[in-house]
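One structure is given here, and the rest of the page talks about it.
The values are calculated or read from the model by the stated rules, or taken from the named source; none is laboratory data. Since the model is a prediction, treat every value here as computed from it, not as a measurement. As a convention, Cβ positions derive from the backbone with ideal geometry for all residues, glycine included, and neighbour counts pool all protein chains shown.
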Amino acid sequence: MLWLALVFPEWPLQARIRTRDGTQPLAVSQGQRVIALDAVALAQGVRVGQRLADALALAPDLVIRSREPAAETAALHDAAGCALHFTPHVSLDDDALLLELSGSLKLFGGLDTLLRTLQRTLAAAGFESVAACAPTPRAARWLALGTPGQRIRNVAALPGALAPLPLEVTGAGSAALLALRDAGLRTLGELMALPRSALALRDAGPLLTLIDQALGRRPDLRVDHSAPPRLDSRIELPVPRQDSDVLLFAASRLFNAACARLAAAQSGIGECALELEHERQPPTVLTLRTGQPTRDPRVLAGLAREHLARIALPAPVAALRLQATDWLLMPGRSRDLFGAQAPSLAETRTAAALLVERLRARLGHDKVHALSGSADPRPECAQRPAEPGAARPGPARPRRPLWLLAEPEALAERDGQPWRHGPLHCLEDSERIEAGWWDGLDAPLAANEALRDYRIAIGPRQELLWIYREHHPPHRWYLHGVFG
Amino acid sequence: MKHRNAALTPVLQQRTDIWAANDLPDTAQPGISSGHPALDARLPGGGWPVGELTEVLSDCQGHGEMSLLLPWMAAASRREGWLVWVSPPARPHLPALAAAGLYTPRLLLIDAERPAERVWALRQALESGACTGLAGWLDKADTAMLRRLQLAARATPLPVLLFRPAHDRQRPSPAGLRLQLSPGPAHALRVDILKRRGRPASTPLYLRTRAFSMPAPLPSAATCRIRRPALTLIA
């Protein structure tokens, strides 16, 4: 067994604010005391345990959030989702994660590479972590708190590694710790050197159990974390902001966490909702549609960028929330014998659907479309806008113009000849179209009925035009198309 | 090539150390055939160049300027991927495109108003890897925009055809190939190659780009008639 413990320094703060840019002093309070703070606040003299009034006196622009256990749990679930990509055995331990890695080392290229990739994945989702490895979960956790970075691979080395750790890493009740400290005990090593019966007398019985578990002398069973296939993460901004760069940066934290989670579940999403929460107004909701299932954070970030460029936010954004409920199974792609490969048909289709969504996100839904053909003989009805990918071909008709005018243009007539910047000379052949009476059956006069004789005409600049004359009096001429 | 002595040509072709000044360089990346052999012969690479922009400068409408592209587009539409048209000047008429052999469901139309949006859409299409051909109509595009587009085009194996107004001829352009279209005699399209890789072209080319012959000698009027059923009033 190889357990990896991930501990998140200043967790109450990390869990709430994942976009620390190092300019704003931040702190989290509980009961009028500072319990977590960032490096900027630390540099200004704020300390853990300080009263809020003192902290504000030291750092007047300190942003203080009160502790919110629900947000911490949700954030830990997000982090666990990222870790699930590396092993199915992830368990939550208060505010730390414990991963059993013995089955994953080979796949991820050894402990060093795995740890680097894992911490990079977590950092992309906005979590800073320190880690330690040990054969038992409890020892790993204590080492991560006391001497981060340590890696103990066998049980025999555990007592020596745990000995210098301070008693506080055990997380035991403060009354028991106080009693031991009064007895002059500071480290686990000093504690382990004492006879067990003497410790039991000093109310340290529960602590002995913990130490036995850490050393592997007692079983320490952990339950694997499991989460429903649903995304719902929220991220707060230190101060409400409106500039899209800041929002995109925060959103990318959410996308990275979500996509790591999706990768673990071999799934993708076709649609997700990014809610931008304002302080006193209903949230602005951006619906990001990818067309094809995806778990690529860059795709989602690209779509969010286009949406943000288009809309005007009514107010600064205080928090972002990402939700997606419909997960679609999306197995990973195996590489072929030689590694890379040319884009497959499916990949071209994915890229094609994605292009449409990206264009629509910026230009608007109606501005991007395909054309579907129809057997209707009326030229204006032979094609209509269609959903890209769902268009159908229509019949081919020779001697038709490439361009059609949106509305037929009425032409003047001089000496019995149609006229447009000069006389139009009709060519011999004509095409008669009598159709469309069915569109106006309920109206007294068929409004859309077409009774026309089409001709190809040569204009004064030798251009080819498609004109028609109506059957009805007054037999007017119209320009309907251009042979481009 | 024409004026060269017929007996001399095979001799010259055997020798690799002689280079004729009016040869187009063979180093050009093979292009994609335009479907007009006379035009292909004058284009370096033997067709529409890939990996760079092609500009078509034209003010004419109704002289077969779009038909110039149709053989290539018809061939491109047989492969999976979008055939992207960004802001065409009018509504395309599907039966005519189908008659030219284009598989129309692969046509993707993008309406973008501002030049920056059109260029953006073209770049997105280029970078998506999901297109088989691109045509864009740019009324007002500055050189910086075109240069960005040229950079995006460099990585892709696609021809990119840009229609621009004829008066942009005087403006510098990063495009590797620039053609000017104007009406020619007898319903032909006059094609002037303003710029190409290698030796400049001097004489214009006259092409009949339309699929049908002019004037059309149809024996009788074609009629598409769907008659209204006769209504009988029963009193």
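General observations
- Applying a threshold of 7 Å to beta carbon distances and a minimum spacing of six or more residues, or different chains, the list of pairs starting in segment A:187-213 at a residue that is under 16 Å from residue A:163 (Cα atoms) and ending at one that is at pLDDT below 85 and not aliphatic (A, V, I, L, M) reads A:207/A:170; A:208/A:196; A:210/A:170.
- Whichever residue in segment B:189-200 is touching a residue at least 60 places away in the same chain (Cβ under 8 Å) and assigned to a loop (DSSP other than H, G, I, E, B) and, among such residues, is surrounded by the most Cβ atoms within 10 Å (Cβ to Cβ): B:196
Here's the yes/no breakdown for (1) facing chain B (nearest Cβ under 7 Å); (2) not in a loop (DSSP other than H, G, I, E, B):
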| residue | (1), (2) |
| --- | --- |
| A:353 | no, yes |
| A:366 | no, yes |
| A:370 | yes, yes |
| A:391 | yes, no |
| A:394 | yes, no |
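- For segment A:399-427, taking the residues that are under 17 Å from residue A:383 (Cβ atoms) and surrounded by fewer than 14 Cβ atoms within 10 Å (Cβ to Cβ), the one that is farthest from the chain's Cα centre (by Cα) is identified as A:407.
- Restricting B:109, B:97, B:102 to those that are within 13 Å of chain A (Cβ to nearest Cβ), within 26 Å of residue A:375 (Cβ to Cβ) and either surrounded by fewer than 22 Cβ atoms within 10 Å (Cβ to Cβ) or touching a Cys at 6+ places or on another chain (Cβ under 8 Å) (or both) reduces the list to B:109.
- Only residues that are touching a helix residue (DSSP H, G or I) at 6+ places or on another chain (Cβ under 9 Å), free of Cβ contacts under 8 Å to residues at least 24 places away in the same chain and part of a loop (DSSP other than H, G, I, E, B) were counted in segment A:171-186, giving 3.
- Residue in segment B:205-214 that is within 21 Å of residue A:466 (Cβ to Cβ), modelled with pLDDT under 85 and buried (at least 20 other Cβ atoms within 10 Å of the Cβ) present: yes
- Only residues that are in contact with a Phe, Trp or Tyr (Cβ under 9 Å, 6 or more places away or on another chain), assigned to a loop (DSSP other than H, G, I, E, B) and more than 12 Å from every other protein chain (Cβ to nearest Cβ) were counted across segment A:396-422, and they come to 0.
- For the condition in a strand (DSSP E or B), farther than 24 Å from residue A:359 by Cα and touching a residue at least 24 places away in the same chain (Cβ under 8 Å), residue A:260 does not qualify.
- Residue match in segment A:280-299 (condition: of a type in the set (Asp, Glu), without any contact (Cβ under 8 Å) to a residue 40 or more places away in the chain and closer than 25 Å to residue A:17 by Cβ): no
- Checked against the criterion of being among the acidic types (Asp, Glu), over 13 Å from residue B:136 (Cβ atoms) and at the interface with chain A (Cβ under 7 Å from one of its Cβ atoms), segment B:79-92 contains one or more residues that satisfy it.
- Meeting the requirement of 3 or more residues that are closer than 29 Å to residue B:208 by Cα and either touching a residue at least 40 places away in the same chain (Cβ under 8 Å) or within 14 Å of the chain's Cα centre (by Cα) (or both), the helices (runs of 4 or more DSSP H) wholly within segment B:70-153 are B:70-76.
- Restricting segment A:372-388 to residues that are facing chain B (nearest Cβ under 8 Å) and in contact (Cβ under 8 Å) with a residue 24 or more places away in the chain, the residue that is nearest to residue B:83 (Cα to Cα): A:388
- Some residue of segment A:207-223 being under 21 Å from residue A:9 (Cα atoms) and either exposed (fewer than 15 other Cβ atoms within 10 Å of the Cβ) or touching a strand residue (DSSP E or B) at 6+ places or on another chain (Cβ under 9 Å) (or both): no
- Taking the criterion of being in a loop (DSSP other than H, G, I, E, B) and modelled with pLDDT under 90, the only residue of segment A:129-147 that qualifies is A:147.
- Looking only at residues in segment A:227-257 that are aliphatic (A, V, I, L, M) and outside any helix (DSSP H, G or I), the one that is surrounded by the fewest Cβ atoms within 10 Å (Cβ to Cβ) is A:239.
- Answer from A:349, A:305, A:335, A:321 - the residue that is more than 8 Å from chain B (Cβ to nearest Cβ), modelled with pLDDT under 85, surrounded by fewer than 20 Cβ atoms within 10 Å (Cβ to Cβ) and under 30 Å from residue A:257 (Cβ atoms): A:335
- Residues located in segment A:442-462, provided they are in a loop (DSSP other than H, G, I, E, B) and modelled with pLDDT of 85 or more: A:459, A:460
- Residue match in segment B:132-154 (condition: touching a Phe, Trp or Tyr at 6+ places or on another chain (Cβ under 7 Å) and within 7 Å of chain A (Cβ to nearest Cβ)): no
- The residues of segment B:53-69 that are of a type outside the set (A, V, I, L, M, F, W, C), more than 9 Å from chain A (Cβ to nearest Cβ) and assigned to a loop (DSSP other than H, G, I, E, B) amount to a single one, B:59.
- Counted residues, segment A:13-62 - those being in contact with a Pro (Cβ under 7 Å, 6 or more places away or on another chain) and assigned to a helix (DSSP H, G or I): 2
- Boolean, residue A:357 is more than 9 Å from chain B (Cβ to nearest Cβ), more than 18 Å from residue B:105 (Cα to Cα) and in contact (Cβ under 8 Å) with a residue 60 or more places away in the chain: no
- Candidates A:75, A:36, filtered to the one that is in contact with a helix residue (DSSP H, G or I) (Cβ under 9 Å, 6 or more places away or on another chain), surrounded by 23 or more Cβ atoms within 10 Å (Cβ to Cβ) and of a type in the set (Gly, Ala, Ser): A:75
- For residue B:180, the requirement of being touching a strand residue (DSSP E or B) at 6+ places or on another chain (Cβ under 6 Å) and either at pLDDT 90 or above or in a helix (DSSP H, G or I) (or both) is met.
- Which listed residue is more than 8 Å from chain B (Cβ to nearest Cβ), more than 17 Å from residue B:94 (Cβ to Cβ) and modelled with pLDDT of 85 or more, from A:425, A:472: A:425
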